[in-house]
Each structure stands twice: as structure tokens, then as C-alpha cells.
Amino acid sequence: MAENEQDSSTKEPYAYLLEQALKLLPAAAAALVLILSGAAGIYAPVTSAKQLTIIGSLVSTADHTEVRGRVVQDGDSVDKALVWVIVEYASGQRDSPPATQTDEKGGFSVGPVLKTLGSDTDKIVGARVFARKDKPASAWYRSGSALRGEEIVRAAGVVSQEAIELSPYKLLPLPATFLISAMLPFFGEATRWKHVFAVILAFLFTGLMIVYLSLGLKYVNTTGKADGIIALGFASVYQGTYVKDVQAEWLFSFTSPPPKPAAPVTVETKPASLSQPASQTLQAVPKERASTAPPSGDASTQPAATPTPKIQTDAVVVDHGFGAPLWVLLVSVLGAGVLTVGLIVGEITQIPNEPDEIRKHLQAIVQHQFFILFAPVGAIFVYQILVVGSAATSSFTVALAALGAGASLSALLTKAVTSAMALINGIKDPNVK
């Protein structure tokens, strides 16, 4: 009997430590995820690493084509850098001539490759140029590194689209913050510190959404190419328009972009004399010229017909996919941010004390973050409705609709789903009138 009491007394401290460790495990895991995601978001590159800049062009001769150019880093020439090229033809076939190294001035010439492949129409449409410069280790405790560069060289008269892959680590803090907020009510007891932490996460999540969309707009407006595509895997960002006679802008689309025309469109314009009424044309002729004008019956003295001028303009293809301009998504998140401010103010004035009340507040905070997460999707639906109703030509109308959608559409959809589930289950929801 005494031995059993001694064993239980010795096991109690270990059991207590294990219990405390299990209570602290969710908080430690959440802190670790936030620290790692924050570090990844700060130090991860926005796009694939391109430390080297490649300036290249396709140089054609009578029977072959070469890729020539220079490799630089911050304006300085990079010598002894390995350069290789992948040439693409119109039929989709590719070729790769032997790699070479840059000279002391950073210049290179890769080739030759055939101008055409199989037929005269199967010409070179572009070439992807790669460069790499190996750097030795500067100390025994540091490993060597490699500088890399990549560039697409297009043939004259060829319109191509470049896909830019964004680094997934840059977006890691956003899903990590949402995941921690969603899993927070399921671990440990409902305390006031957990409630405060949930409010901080809600504010952080909204701020991250606004910052990411703002940085995305800045990136595409400063670095993005007019004929380039930023591929996100589940969506694409490119220049286009959903409305006729509206200037092309950066779009966020869940569907593939439309093909862009390879040649400009010729538009005929009528002279001013043909577009004006006859009375205005006669009034514009001076009296002296009118008195000396030959009779209308003399065909030999009639002035020659003025040819109709033609103007070449770049055609803008109207996209019929599912998406919205990128600035519309930002405005919708700003509208949802109003809900965040109202939520924080409400939590300050009504601080819960009981565990059941704290859990209800945690539920409201997690639901609010769902609203923030799906606010851009709601803005896309609203924008597509405006496009169908021919009301998307006004930027003010679109901005006002997106702002209201971000602040109210998610809440309305949630109430609709709650009402539908209540009708299906035969239970009347007291919150729905």
C-alpha cells in the first residue's frame, strides 16, 4: 500500500508537467507558424530569382539565326557566365544550340540555329535565354551560390505571352494567419487572452489582404508587361477588358485569357466634308470661290474624289471570362475592412468574461475572417453582374458597388445559407426574420 502511494506521488509531477505542456503546445505551434510564415514572407522573393539581367536579340543571316547579347548585374558586365538558349518555332518544336560563356565584357553569341524548320512558314517565334554565374564560397562556413537570369527574346512581328510564376512563400503569412484563427477555438480553454489574440489576428489578416493586393497592383503597374501573364496556378493576372470601348487594365481572372491579335486592325475614317451636312459645307465655301466655281455639268473640271484615310490601331479583345479588374478586388477588401474596424470597436466595448461568451465571440471573429477571405470573390460576382447589365463602363459605379459588396455581400450570403439550412432541417432560425 505504501509503495502504491509512493508511485502515485512520484508520477504526479510528471503528469502535471505533461498536462501543462499539452496546454502550451497549441500556443507554441501557433507562434512558430506565425514566425516562420512572417520570415518566409519577408525574405522570400516576389518572383523567381533573377539576379542577372540579360539583354538579347535574334540576329538573322541568309541561312541561320543567332542569339546575341550581354549579361549584366546592376549595370556591371558579368564575364564567364554560362549562357544557353532554347529556341521555339511556330509549330511548337524547339531547339537548343550548344551553350557558351560570356567574354570579359559580358557579351555572348549562341548559335547557329535553322531559321525555318520543315517548311518556310515554320519560322522562329522566340527564344528563352538562361544565364548562370557560380560564386565560390567566401569562407569555410559558407557554401557557394549561383546567380541566375532568364529572359525571353521575341522575333519581330510576333506577339507572345510570358508566364511569371510568383513565389508561394511570399503568400504564406495569409493562409497561416487564417488557419491559426480558425483552429484557435478548438484548443485549450476559452480565456480572455485567447480572445485578445483572436482580435489581433483578425486585424492582422485584414491588413495582410490589403497589403498583398496593394503590392500586387504596384508590381503589375511597374514591372508587368502589357502582353505578359502572371500565372498563379488557380488564376491569372493579365491586361485586358471585360467591357467594350473601355481601356485595357490589369485583370484577375479564374479563366484563361483570350488570344491577342498579332496584327493591328485597320479602321476607315470619313473626311470631315463627308460627315457634315450639305448646308454646312456650302456655308464654309467663300463667296469668291463660289462665284467662280464651274458648272456642275462639266465633269472634266470636277475635283477628284478625296480618298478615305485609314488608321491602324491596336485591337483590344473583349474578355468573356470570370474575373474582375485588380483594383476592384482591392476596393472590396477595403470595404470589408470597415467590418473589421466595427468588429474591433465592438469587442472593446463588450469584453466577454465567461467561457461560453468568449467562445461565441471567437466564433464571430472566425466568421468575420471568412467574410474578408471571400470578399474578392463576391466583388467578382458583382462586377460580372454590372458587365451583363451594361453598367460597368463607369468606374465610379463599379467602385461603389465593389465597396458595398465587400462590406455586406458576404454577410447577406451567410444569412441566405442559414435560412436555407433552417428550411431544409425544419428549424426556424431566430436570427432570420
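Structure summary
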item: The range 81-93 - residue that is more than 14 Å from residue 152 (Cα to Cα) and at pLDDT below 90 and, of those, surrounded by the fewest Cβ atoms within 10 Å (Cβ to Cβ); result: 92
item: Pair list, Cβ < 7 Å and 6+ apart or interchain, from the range 238-255 residues that are at positive phi and not assigned by TED's automatic domain parsing to the domain that holds residue 390 to residues that are among the hydroxyl-bearing types (Ser, Thr, Tyr) and surrounded by 20 or more Cβ atoms within 10 Å (Cβ to Cβ); result: none
item: Residue check, residue 344 surrounded by 11 or more Cβ atoms within 10 Å (Cβ to Cβ), in the same structural domain as residue 191 (by TED's automatic domain parsing), assigned to a helix (DSSP H, G or I) and at pLDDT below 85; result: yes
item: Given (1) in contact with a Gly (Cβ under 7 Å, 6 or more places away or on another chain); (2) assigned to a helix (DSSP H, G or I), number of the condition residue 183 does not satisfy; result: (1)
item: Selection status of residue 393, farther than 22 Å from residue 185 by Cα, under 30 Å from the mean Cα position of the chain (by Cα) and assigned by TED's automatic domain parsing to the domain that holds residue 325; result: yes
item: Among residues of the range 371-393, those that are surrounded by fewer than 15 Cβ atoms within 10 Å (Cβ to Cβ) and either of a type in the set (Lys, Arg) or over 15 Å from residue 324 (Cβ atoms) (or both), counted; result: 1
item: Answer from 371, 381 - the residue that is assigned to a helix (DSSP H, G or I), within 30 Å of residue 188 (Cα to Cα) and touching a residue at least 24 places away in the same chain (Cβ under 8 Å); result: 371
item: Those residues of the range 120-136 which are basic (Lys, Arg) and under 8 Å from residue 149 (Cβ atoms), in sequence order; result: 132
item: Single match in 373, 330 (criterion: within 22 Å of the chain's Cα centre (by Cα) and modelled with pLDDT of 85 or more); result: 330
item: Matching residues in the range 37-79 - criterion: being of a type outside the set (A, V, I, L, M, F, W, C), modelled with pLDDT under 90 and assigned to a loop (DSSP other than H, G, I, E, B); result: 45, 48, 50, 51, 61, 63, 74, 75
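The values are calculated or read from the model by the stated rules, or taken from the named source; none is laboratory data. The model shown is predicted, which means the values in this text are computed figures rather than measured ones. For neighbour counting, all protein chains shown are included, and Cβ atoms are generated from backbone atoms with ideal geometry for every residue, glycine included.
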